[in-house]
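Encoded as structure tokens, the structure appears first; notes follow it.
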Amino acid sequence: MTGMTQMKSQRTRRIDLLDRIKGCYLGKSIGGTLGMLYEGHEGFTDLTYFDPVPTRPLPNDDVDLQIIWLRAMQEHGLSLDSRVLGQVWLRHIDVHPDEYGIALWNLRKGLQPPVTGQHNNYFTCGMGAAIRSEIWACLFPGKPLVAAHYACQDASVDHWGDGVLAEMFMAALQSHLFESLDIGVSAAFALELLPDTSRLKKALRDVIAIHSGGTGYADARETVRRRWGSHNFTDCVMNLTLIMLGLLYGRGDFGQSLLCAVNCGEDADCTGATTGGCMGILLGAAGIPEVWRRPVGETIAMGDYRGVRPPGNVDELVADIDALHSRFMGADLPQARTPFAPAAAEDFSDATPWKIDGEPVYFDGIRLDIAAHAKTPGEIITLETEVAFPIRGDIQAMICSRGLFRLEFDGRCMGMKGDMANPVPSFHRVRGGRGYNLRVETGRFYTVKITVYPAMPIPDLYVSFGDMENRHLTVTYR
């Protein structure tokens with residue numbers, strides 16, 4: 001090959017790469033917009049197109065946080081790690097659903113990753129990290145273990161265990177896909193990154209086996225839901241199986257792949273967005289049908305984040321990514337090891353003081369294992385503490401537990417709750433519990449008394465206090 005021919009070949013490859021990166025983010029935007037109105041839907045749907053048809057992309061944290069990470073990579077370069085990303089959270093991000101809120105709460109208490117992803121975190125296996133994988137795949141296309149390394153740094157801020165592995169898997173699959181252009185081949189490669197003990201690995205292998213066995217789409221999604229479903233619609237193991245259903249049963253068709261994922265419900269904006277990102281890499285921007293591209297367009301719709309300048313459109317985003325390709329060319333790049341083992345949970349406690357039936361106990365602030373303190377299975381358990389708040393005015397208490405409980409605050413009965421729903425302790429979508437509006441002053445302690453009535457098995461109890469913007473409050477106990 002002559003020098004001129006080689007230069008032309010390299011230029012063609014670069015143009016093809018940039019088209020696939022653009023396709024990734026167009027697909028991400030299209031899929032997220034398609035699924036947004038069906039987020040949290042617990043049953044199947046049968047969409048055949050957008051309903052309703054949009055006129056612009058909808059803002060979505062699936063893309064928003066990736067833009068913040070891009071800016072962080074521009075500032076810090078290859079030294080970017082979970083500690084730096086934790087500081088980026090504190091500087092720019094004030095969003096509080098689920099694991100995001102827990103991570104910020106932990107960071108503001110002075111904790112550092114990976115403890116911020118583990119401590120007090122019911123949502124270690126939420127989808128919040130897996131949806132951020134594309135930035136690492138697009139920064140390191142064809143280098144899946146490098147992409148997985150940075151995905152691990154990212155996910156460790158607000159996740160642990162399978163929640164970290166989920167982003168690593170998706171980043172590796174997407175990075176590998178730039179070279180293989182084959183979903184099955186790239187999925188097989190990315191699966192080798194996961195330890196055999198991972199529930200996520202078992203679930204994804206199961207979906208692949210179901211598809212390989214010739215099961216039709218309708219039966220496959222019923223089987224997958226039955227085996228890997230969760231009461232928490234953001235569970236990453238469940239939702240990655242739905243993404244894999246979309247990628248396998250879509251058979252290379254962009255729209256059909258998105259519909260197969262989104263029609264499974266659950267975290268539908270995230271499953272649609274991630275499926276769309278994968279299909280955009282596979283097909284390139286030029287391969288995404290105009291019927292899907294036209295309603296959403298190419299602008300970047302971003303939420304409100306402090307001090308972050310969004311790209312004006314997808315082309316500008318791609319140009320920013322390409323500039324980092326040039327900057328990192330020839331550098332020594334870190335890689336994730338295969339198979340990867342997440343860090344062990346660190347032994348850390350807030351030593352939050354409560355009393356159970358008059359005896360002092362300590363727990364980590366959000367979850368109390370009542371069974372460890374119950375003397376008999378059928379007893380009524382009473383928990384008491386005194387708490388002071390850092391703000392005055394309206395706040396909320398979130399109490400979650402299976403079965404029946406009663407809350408008293410400052411000597412007043414605030415009400416009872418009773419059902420056997422599995423808890424989801426998140427201020428903006430409390431399940432298996434109640435949110436109580438309270439009015440408090442600073443400079444005084446309030447008595448909190450929770451009575452938990454007999455249930456089998458003996459349930460856990462989740463307790464947290466927040467402001468009216470759903471921020472967890474760091475309160476003082478005595």
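The numbers here are math on the coordinates, done by the rules we state, and not lab data. No experiment lies behind these values; they were computed from the predicted model shown. Counting neighbours? That spans all protein chains shown, and the Cβs are built from the backbone with ideal geometry, glycine included.
Here the Karplus relation 6.51 cos²θ - 1.76 cosθ + 1.60, evaluated at θ = phi - 60°, turns the backbone of the range 237-253 into coupling constants of 5, 4, 6, 5, 5, 6, 4, 5, 4, x, 5, 7, 7, x, 6, x, 8 Hz, with x for every Gly and Pro. Helix 217-228 versus the longest principal axis of the chain: what is the Cα-based angle in degrees, 0 to 90, to the nearest 10? It is inclined by approximately 40 degrees. Reported to the nearest whole Å, the Cα centre-to-centre distance from the range 418-478 to the range 228-303 is 35. Asp394 sits among other residues whose Cβ lies under 11 Å from its own Cβ, and their net charge, with Lys and Arg +1 and Asp and Glu -1, is 0.
Working note: Cα gyration tensor of the chain, eigenvalues times five, square-rooted, sorted largest first, giving semi-axes of 42, 24, 20 Å.
What is the sum of charges, Lys and Arg at +1 and Asp and Glu at -1, for the other residues whose Cβ falls under 12 Å from the Cβ of Met168? Summing Lys and Arg as +1 and Asp and Glu as -1 gives -1. Using only the C-alpha atoms, the convex hull of the range 170-305 corresponds to 131 Å³ per residue.
Here the range 97-131 and the range 140-214 have alpha carbon centers that stand 21 Å from each other. If you take all other residues with their beta carbon under 14 Å from the beta carbon of Arg199, and give Lys and Arg +1 and Asp and Glu -1, the sum is 0. Helix-only arithmetic for the chain: the sum of -39500 (n - 2.57) across DSSP H runs with n ≥ 4, divided by the residue total, places the mean residue ellipticity at 222 nm at -14000 deg cm²/dmol. Taking Cα centre as origin and charging only the Cβ of basic (Lys, Arg, +1) and acidic (Asp, Glu, -1) residues, the dipole magnitude of the chain rounds to 240 debye.
Within the range 303-447, the percentage of alpha carbon pairs spaced more than 25 angstrom apart rounds to 55%. Placing dummy labels 7 Å off each Cα toward the beta-carbon, the span from Ile391 to Ser349 is 3.0 nm. Normalised by the number of residues in the chain, the average gap of Cα pairs under 8 Å and 6 or more apart makes the relative contact order 20 percent. When the charge dipole of the chain is built from unit charges on Cβ atoms (+1 for Lys and Arg, -1 for Asp and Glu) and taken about the Cα centre, the candidate among Pro59, Ala203, Tyr25 whose Cα reaches farthest toward its positive end is Tyr25.
Counting Cα-Cα pairs of the range 374-435 in 10 Å increments starting at 0 gives whole-percent bin shares of 18, 46, 31, 5.
Relative to the longest principal axis of the Cα atoms of the chain, helix 82-92 runs at roughly 80 degrees. For the range 108-165, the Kirkwood hydrodynamic radius from C-alpha pairs, put into Stokes-Einstein at 20 °C and a viscosity of 1.002 mPa s, yields a diffusion coefficient of 185 µm² per second.
The GluC sites (Glu not before Pro) of the range 345-397 that meet both conditions, a loop assignment by DSSP and at most 12 other Cβ atoms within 10 Å of the site Cβ, are Glu346. Distance between the C-alpha centres of the range 305-362 and the range 45-59: 31 Å, rounded to the whole angstrom. Based on alpha carbons, the Rg and Dmax found for the range 423-478 are 13.2, 40 Å.
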